[in-house]
Amino acid sequence: MVRFVMARLGWAVVTIALISGVTFFATNVVPSDPAKVALGKFATPEQVAAYRLQQGLDRPVAERYVEWVGHLAEGNWGTSVLSNIKVTQLVQPRLGRTLILGFGAMLIAVPLAFLVGVYAAQRTGKPSDVGLSLTALFVNSLPEFVVALGLLMLLGVKIPILPIESSGAAFGSDLQVPLAYVLPMLTLALVLTPYMARMVRANVRDISSHPFVRSAVLRGLQPTRIMWRHIVPNASLPVVNVIALSTAELVGGVVITESVFGFPGLGQLLVNSVSDKDIPVVQAIVLLIGAGYVLMNLLADVAVLALNPRLRT
Amino acid sequence: MNGDGNLKPTRREVLVYGAGALAALSISPLIAACATGSSTPSGKKGGTLKFGVNSGKSTDTFDPARALTSMPIVGGGMLYDNLLDMDVNWKLTPALASDYSPSSDVKTWTFKIRNGVQFHNGKTLTSDDVKAWYLHVLDKSNGPSGYGILHPILDPSGITTPDPTTIVFSLKEPDAFFGVKVAHYTLHIPAQGITDWVNAPVGTGPFKLKSFQPGTGFEVVRNPNYWQSGKPLLDGITCVNIPEQQTLVQAVLTGDVHVSTLVPSSSYASFDGSSTAQLIDLQSYSPFTFDVDTSIKPYSDPRVSKAMKMCIDRKKFLNIIFKDRGLVSADSLIPPSDPYYPKDLQPFPYDPEQAKSLLAAAGYANGFKDNLWTSTAYPYLDEAAAFGKEAWAVAKLNMTIQSVSNDAYIAAFLHAPIVMDYYLRLHPVTMFEQYYASTSDSNTTRLKDSQIDGWIKELKATVDVSKQQELSGEIIKRYNDIAAEIVPVHFGQYAARKKKITGLKINPMTDYDFRETALS
């Protein structure tokens with residue numbers, strides 16, 4: 001198992017290195033000029049040229065990449081070419097908030113998906129199963145911003161119990177801080193739950209037909225015990241990978257959700273930086289997202305290995 | 001649109017001159033110090049106001065010379081002061097300058113620095129601080145906005161400080177409107193030697209910075225040593241960025257946010273029916289334009305440009321794009337409501353048949369093709385571009401809409417033949433210098449006309465108000481006749497606020513003046 005984990009870790013490092021290279025070159029070959037964005041449309045060519053020189057934008061891409069990797073290895077993420085602020089200063093506070101948001105959403109979505117999936121699987125073909133399946137399909141088909149605006153109108157405007165904008169996460173005090181997370185977290189959880197719930201339902205149904213389940217029934221075990229001690233753990237294995245893959249969906253969801261609620265996180269910074277062609281900031285965020293995705297998949301592999309003894313032999 | 005590709009702060013950004021200077025000069029060249037700050041605000045003290053914007057960028061900075069978007073510009077009004085303040089009627093009042101006076105030829109301007117004004121770090125303001133900042137702005141490498149305002153009329157050597165409370169500006173040419181230039185937000189006066197504009201900007205303003213996260217928001221707290229006694233009333237202000245406009249609107253309607261920047265016209269009706277929130281008229285009719293290149297064919301042919309103007313049904317344009325909140329206009333960057341707008345000037349009539357005849361006479365009976373540049377990065381541009389495309393199609397002018405990203409849109413300015421654009425209301429002389437003058441780098445219609453240039457120079461040199469109005473009228477009429485620029489309407493601008501806020505004043509530079517604002 002240790003060898004397997006080490007091998008996966010090695011591949012993870014290679015993948016992250018590839019992500020960094022692709023990100024750097026992709027963001028540097030797009031036909032745009034951050035100097036123009038920084039100085040505005042009426043900046044003179046001399047001012048633009050001076051700015052490019054000052055920010056090192058006139059040097060070859062490969063040279064800048066090598067320098068960037070070198071600095072990265074020293075823990076220096078570079079400086080925003082537009083604001084001259086260190087990338088770490090821009091990213092760090094937002095990263096923390098976005099991680100809380102993402103993990104919080106997962107903490108809601110995963111148990112909810114299991115509850116809904118198991119409940120539906122136990123009632124296969126009945127109206128409650130059909131109703132839940134249709135609801136899951138419907139919610140799954142809604143874009144994130146529709147879910148976000150729907151929750152905003154419901155819990156922020158019609159039943160005004162939650163703040164409809166999330167600036168409290170950065171500038172709030174006391175209860176304002178946790179409350180600022182609620183609506184974006186619920187949005188992400190709602191977006192993530194349906195697909196996972198459907199996977200749980202399908203796997204629980206599949207495992208329920210296995211001989212060991214019939215044998216457990218015949219031995220007179222309680223249905224609840226059979227479900228939660230025998231069926232669900234076995235049905236969870238494929239779902240673990242689905243949860244890891246949901247990280248990608250989570251990233252997309254975070255970008256949109258943060259914009260809708262004005263949540264001061266990494267997604268909003270990414271949108272701004274892409275729009276302004278602030279390449280060092282984009283590189284840092286994309287690299288962090290890529291690393292997060294790789295890490296989640298690595299953890300999923302390890303979790304599956306831990307849950308399934310047959311894979312360890 | 002402003003000089004930086006940002007639509008919202010345009011009025012603030014390029015407002016350079018003001019009629020206040022005219023009014024003041026017409027009374028006397030020696031202007032007595034007004035009682036700025038002597039009035040005692042009556043609102044309840046205390047509380048923190050939440051101010052919502054939707055254009056926050058990670059590029060936001062409290063360097064006044066580089067501030068481009070709403071957040072740092074509005075914030076600049078909280079942290080800093082100018083030598084002079086200016087109100088929405090362009091009236092100037094002394095601020096950090098307790099007194100100011102131009103020479104009889106309006107070529108030399110002397111400002112007396114107010115005694116006892118302290119920066120947030122406790123240092124006393126002197127004329128050297130003012131000189132240092134003006135020299136900073138006059139350095140081209142420190143950003144185009146302030147440089148573009150000052151360098152045409154002022155050299156670094158033209159600034160002298162005979163004593164710590166006096167600064168003298170010897171201009172390169174007469175400028176009756178210099179008083180208004182010093183009220184521009186790029187000429188907010190920070191303390192000398194600031195290098196960290198995010199964490200440690202220091203000014204003399206009514207509030208001090210507590211924290212700032214570019215693109216996210218900032219917090220300011222009351223400056224207890226503010227030179228205007230009794231102000232500000234608020235304990236502090238928290239400015240937050242809410243990119244989604246509908247969320248910002250709902251945040252004001254539900255009371256999460258006390259005051260916002262501009263709200264979209266689609267949400268006006270929501271405020272009409274609200275008992276807790278209302279729209280704020282920013283008292284600014286601003287030109288919405290098709291920037292057409294007058295210097296190239298076919299647009300350099302007056303018959304073609306006139307035909308294009310006559311294809312636009314301006315009333316319909318105003319109704320569809322701005323829900324009738326604005327004014328139909330001749331092709332002038334000065335609104336019809338402005339006292340300098342000539343009363344007898346009418347827009348070219350909507351007449352597609354005559355437009356076709358004009359095009360045929362110019363050799364374009366079968367029309368022509370071109371690209372129309374616009375961007376989703378700013379509101380209304382795409383809708384207006386679609387309107388123009390349909391209108392011109394009647395005369396066989398086939399426009400392909402290029403709706404592009406912000407940077408591509410900015411790159412199109414002064415290069416592409418037709419670009420959708422809008423400006424914010426400026427004093428006429430501002431508009432003339434920035435957008436009508438042949439020598440201006442911001443002349444988006446690329447008109448070069450010696451007669452207009454001569455009139456602008458004459459206008460700046462005279463202190464006779466009636467002469468100024470006459471010259472302004474001539475400039476506006478000639479521009480309407482010979483520039484290919486199309487200005488179908490001037491649109492009204494509205495922000496939003498909770499009704500319970502008191503003492504909120506409109507400021508032409510920073511949108512708001514929060515010094516007398518109270519949460520009651």
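Taken together, the values in this text are just the output of simple stated rules run on the coordinates, not laboratory data. From a predicted model like this one, the values you see are computed outputs, not experimental measurements. Backbone-built Cβ (ideal geometry, glycine too); neighbour counts: all protein chains shown.
Just need the Rg to Rh number for segment B:180-319, please, alpha carbons only, Kirkwood Rh. Walk me through the intermediate numbers first.
Numbers: Rg = 22.1 Å, Rh = 19.9 Å.
Result: Rg/Rh = 1.11.
Ordering B:353, A:74 from the fewest to the most neighbouring beta carbons within 10 Å gives A:74, B:353. Relative to the longest principal axis of the Cα atoms of chain A, the long axis of helix A:279-307 lies at roughly 20 degrees.
As a test, work out the antiparallel percent of DSSP beta bridges whose residues both lie in the protein assembly as shown, rounded to the nearest 5. List each step's numbers first, then the result.
Numbers: 54 of 71 bridges.
Just about 75 percent of them are antiparallel.
Pairs exceeding a 28 Å alpha-carbon distance, out of B:231/B:500; B:297/B:389; B:316/B:448: B:316/B:448. Dividing the summed -39500 (n - 2.57) terms of all DSSP H runs of n ≥ 4 by the residue count of chain A sets its mean residue ellipticity at 222 nm at -25000 deg cm²/dmol. The trypsin sites (Lys or Arg not before Pro) of segment B:392-450 that meet both conditions, a loop assignment by DSSP and at most 16 other Cβ atoms within 10 Å of the site Cβ, are B:396, B:448. For chain B, adding -39500 (n - 2.57) for each run of n ≥ 4 DSSP H residues and dividing by the number of residues yields -7500 deg cm²/dmol at 222 nm. Evaluating 6.51 cos²θ - 1.76 cosθ + 1.60 at θ = phi - 60° for every residue in segment B:249-257, the Karplus couplings come out as 4, 5, 5, 6, 4, 8, x, 5, 10 Hz, glycine and proline recorded as x.
So how do B:466-477, B:255-266, A:170-181 stack up, highest first, on mean other-Cβ count within 10 Å?
Descending packing order for the listed peptides: B:255-266, B:466-477, A:170-181.
Taking the DSSP beta bridges in chain B as the whole, what percent of them are antiparallel, to the nearest 5? Don't jump to the answer; show the numbers that get you there.
Numbers: 53 of 70 bridges.
Looking only at bridges with both residues in chain B, the antiparallel portion is about 75 percent.
Annotation: the residues B:376, B:430, B:502, sorted from fewest to most other C-beta atoms within 10 Å of their own C-beta, follow the order B:376, B:502, B:430.
For the pair residue A:89 and residue A:212, a Förster radius of 56 Å applied to the C-beta separation gives a FRET efficiency near 0.50, rounded to the nearest 0.05. Annotation: amide H of residue B:85 within the under-5 Å range of B:93, B:95, sequence separation 5 or more or interchain, hydrogens built in the peptide plane. Between the residues B:503, A:14, A:193, the greatest Cα displacement towards the positive end of the dipole of the protein assembly as shown, with unit charges on the Cβ of Lys, Arg, Asp and Glu, is found for A:193.
In this structure, the amide hydrogen of residue B:280, modeled 1.01 Å from its nitrogen in the peptide plane, lies closer than 5 angstrom to those of B:495, B:496, B:497, counting only residues at least 5 positions away or on a different chain.
Expressed in nm², what is the orientationally averaged projection area of the convex hull enclosing the Cα positions of the protein assembly as shown?
40.6
Extending 7 Å from the Cα toward the beta-carbon at both residue B:274 and residue A:142 defines two label points whose distance is 2.4 nm.
As a ratio to 2.2 N^0.38 Å, the alpha-carbon radius of gyration for chain B is 0.97. With θ taken as phi - 60° and the Karplus curve 6.51 cos²θ - 1.76 cosθ + 1.60 applied, the whole-hertz 3J(HN,Hα) list for segment B:215-225 is x, 10, x, 8, 10, 10, 10, 4, 8, x, 9 Hz, x standing for glycine and proline.
Seen from a random direction on average, the alpha-carbon convex hull of chain A projects onto 21.2 square nanometres.
Neighbours of residue B:172 by Cβ distance under 14 Å: Lys/Arg scored +1, Asp/Glu scored -1, total -1. With semi-axes defined as the square roots of five times the eigenvalues of the C-alpha gyration tensor, the equivalent ellipsoid of segment A:96-249 measures 35, 16, 13 Å, largest first.
Of all aspartates and glutamates in the structure, not one has an alpha carbon short of 13 Å from that of residue B:356, not counting any fewer than 8 places away in one chain.
Here the Debye sum runs over all C-alpha atoms of segment A:266-313 as equal scatterers in vacuum, and log10 of I(q)/I(0) at q = 0.21 Å⁻¹ comes out as -0.69.
If I fit a long axis through the Cα atoms of helix B:127-137 and take the longest principal axis of the Cα atoms of chain B, what angle between them do I get, 0 to 90°, rounded to 10? The angle comes out near 30 degrees. Volume per residue of the convex hull around the Cα atoms, evaluated for segment B:80-212, comes out as 114 Å³. With a cut-off of 15 Å on the backbone N, the residues of segment B:334-352 near the modelled label site 7 Å out from residue B:319 along Cα-Cβ are B:350.
Taking each of B:131/B:460; A:86/A:277; B:91/B:131; B:309/B:457 in turn, the alpha-carbon distance tops 27 angstrom for B:309/B:457. Note that segment B:287-491 carries a Kirkwood radius of 17.1 Å, evaluated over its alpha carbons pair by pair. The long axis of helix A:2-29 is offset from the longest Cα principal axis of chain A by roughly 40 degrees. When the Cα positions of A:172, A:130, B:429 are compared along the charge dipole of the protein assembly as shown, A:130 comes out farthest toward the positive end, with charges on each C-beta of Lys, Arg, Asp and Glu.
If neighbour count is taken as other Cβ atoms inside 10 Å, put A:228, A:68, A:77 in order from fewest to most. Walk me through the intermediate numbers first.
Numbers: A:228 13, A:68 19, A:77 22.
Going from sparsest to densest Cβ surroundings: A:228, A:68, A:77.
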